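Accompanying notes for the structure given below.
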Amino acid sequence: MKVAVGQIDCRGQSKPSIGTKIRNPQSAMEMDLYRLTIHEAHDLLTRGEVTSVELTSAVFDRIGQVEDRTGAYIMLVKDRAMAEAEAADEVIRQGTGGPLTGVPLAIKDILCTEGIRTTCGSKILENFIPPYSSTVVNKLKKAYAVIVGKTNMDEFAMGSSTEHSAFMVTRNPWDLTRIPGGSSGGSAASVAADECIGAIGTDTGGSIRQPASHCGVVGLKPTYGRVSRFGLVAFASSLDQIGPITKDVTDCAILMNEICGYDPNDSTSVPREVPDYTGALQAGLKGLVVGIPREYFAGGLDEDVAQAVNAAIKVIEELGATSKSVSLPHTEYAVAVYYLIAPAEASSNLARYDGVRYGFRDKEAEELIQMYRDTRSKGFGSEVQRRIIIGTYALSAGYYDAYYGKASRVRTLIMQDFNQAFETCDVLVAPVAPTPAFRLGEKLDDPLAMYLSDIFTLPASLAGIAGISVPCGFSKDGLPIGLQILSKHFDEEKLIRVAYNFEQATDFHTKRAKL
Ligand code: GLN
């Protein structure tokens, strides 16, 4: 695909440069810099043991080594990144840096980045260069983070495998024959393959938690309203949220501190104070009540997943929490409800891609209606077209009440299930996905099978509550498995607290994919 001036294609290889390793083995173990977490990188940067330029070069060297296998990035912006790293080094020298200063991060290609192409994994936006950056990207820039590139994703975030990207396949770093999950598959794969230090994803029905689970990294979907979506290309507006994908829970807390908060540019963001999420890393689990929703352990759950999640619950109990069985009786309707509401909202949001205002236009059409039709037929992939058709139908006169209206009412019942559970539980724990990462192509021709794999992530999205995926084991085939922890609205601290204690008691987060 074409690249704009000042940007390089992701296939740009580079030779390993000096500074790939930490210089001072006395104070830090000799290790490859690209493997660092955000907090480790921050410590070394502030102690002057490494510069952001060195760290950023090491990350690009790593990308040069593995990207042709993982396919995590749609676009890399090396020149910009190196300039940002230099600026960050200056800030660090002056002693005015923060926890993200000089840290190389990857951004899902659905967040607008001023002057850098933002494609949403779609042909229709292939050459779209936004005139402004999303609030989250601006916050990261203000913190002097270094933006490495834009990660691959399912077109307009519709999918669970990243196979619906119009541009490329992303492979799971743990097994290159398998999907990384989706739709933030590029972000999760880039973190798991150490092609960045941390990443940003989005979650409408599981797109942060599920790829994080499949790639053995941490992913948090914040409460609806916690993070500004200004400059996030809309998929389903009542569901979309932005959140971190990281190598450990501490990094997740650090990124949350930076990206959360009210924004007058997003009317759905909530004016509520942002706590210091790293504070949640101090507390233990004594006295906490953990609910185990029965419906998430029913038939169809893979044996290895069930085993890993059950073992994780034992660890959490040993750490001092009490667990109890709870019921979320409307769980079985979540797939049907979500796959009406999300396509309905998508059909309305995607109406703007008409070939007139911006994005791709089919120039061969001779009259206006044909131009609309041809632009949208050629510009959108088949999954997006399927959703637009379903959504338009569900919203059409005469059917609105039967489909969208009914789905909205059942959505309320799903929310009430959670409210009731949180009356007696601090958090809920469950699997993220019914199976570990499936094979590339396995569900591509069977949309229903693909949709059904979202069963455990959709309910929390419909309820607008927060959820995290933290590594909790491996399948017999060596594929990562994630533990999902859910909290009520705006209780992310509790998620981080439980996830952190679990992480510290286990070593799954220290394992890396062999590439
Ligand atoms: N897999 C779900 C879908 O296809 C969720 C995607 C997402 O969270 N963006 O819609």
Exercise for review: Quick one: GLY206 ticks every box in (1) open to solvent by less than 20 Å² (accessible area, probe 1.4 Å); (2) within 18 Å of ILE485 (Cβ to Cβ); (3) within 15 Å of the ligand (Cβ to nearest atom); (4) in contact with a strand residue (DSSP E or B) (Cβ under 7 Å, 6 or more places away or on another chain) except a single one, so which number is it?
Suggested key: (4)
Review point. Out of (1) over 23 Å from ILE455 (Cα atoms); (2) in a helix (DSSP H, G or I); (3) within 16 Å of the ligand (Cβ to nearest atom), the odd one out for GLU258 is which?
Key: (3)
Point to revise | Residues being among the charged types (D, E, K, R) and in contact (Cβ under 8 Å) with a residue 24 or more places away in the chain - total across region 327-358 | key: 2
Check your understanding: Can you tell me which of GLU54, GLU86, GLU90, GLU67 is without any contact (Cβ under 8 Å) to a residue 24 or more places away in the chain and over 20 Å from ILE259 (Cβ atoms)?
Key -> GLU90
Exercise for review: Any chance you could count how many residues in region 232-242 are more than 9 Å from THR204 (Cβ to Cβ) and either within 11 Å of the ligand (Cβ to nearest atom) or among the hydrophobic types (A, V, I, L, M, F, W, C) (or both)?
Suggested key: 4
Check your understanding: Which residue out of ASP194, ASP175 is away from the ligand (no atom under 16 Å from the Cβ) and at positive phi?
Key -> ASP194
Exercise for review: Answer yes or no: is there a residue in region 260-272 that is closer than 27 Å to GLY97 by Cβ and of a type in the set (A, V, I, L, M).
Suggested key: no
Practice item. Please state which of the following conditions ARG229 fails to meet, knowing it meets all the rest: (1) touching a residue at least 12 places away in the same chain (Cβ under 8 Å); (2) more than 16 Å from the ligand (Cβ to nearest atom); (3) open to solvent by 10 Å² or more (accessible area, probe 1.4 Å); (4) not aliphatic (A, V, I, L, M). Key: (2)
Check your understanding: Among the residues of region 303-356, which ones are buried (at least 17 other Cβ atoms within 10 Å of the Cβ) and within 18 Å of THR435 (Cβ to Cβ)?
Key -> ASP304, VAL305, ALA308, VAL309, ALA312, THR331, ALA334, VAL335
Revision key, fill the gap. Here the residues within region 369-402 that are modelled with pLDDT of 95 or more, open to solvent by 80 Å² or more (accessible area, probe 1.4 Å) and not basic (Lys, Arg) are ILE369, SER382, ILE389, TYR393
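The values are calculated or read from the model by the stated rules, or taken from the named source; none is laboratory data. For clarity, every value in this text was computed on a predicted model and none was experimentally measured. Cβ sites come from the backbone with ideal geometry, for glycine too, and all protein chains shown count toward neighbours. For the accessible areas, the whole protein counts, side chains as well, though only heavy atoms, and no ligand, DNA or RNA atoms are used. Shrake-Rupley method; radii C 1.70, N 1.55, O 1.52, S 1.80 Å.
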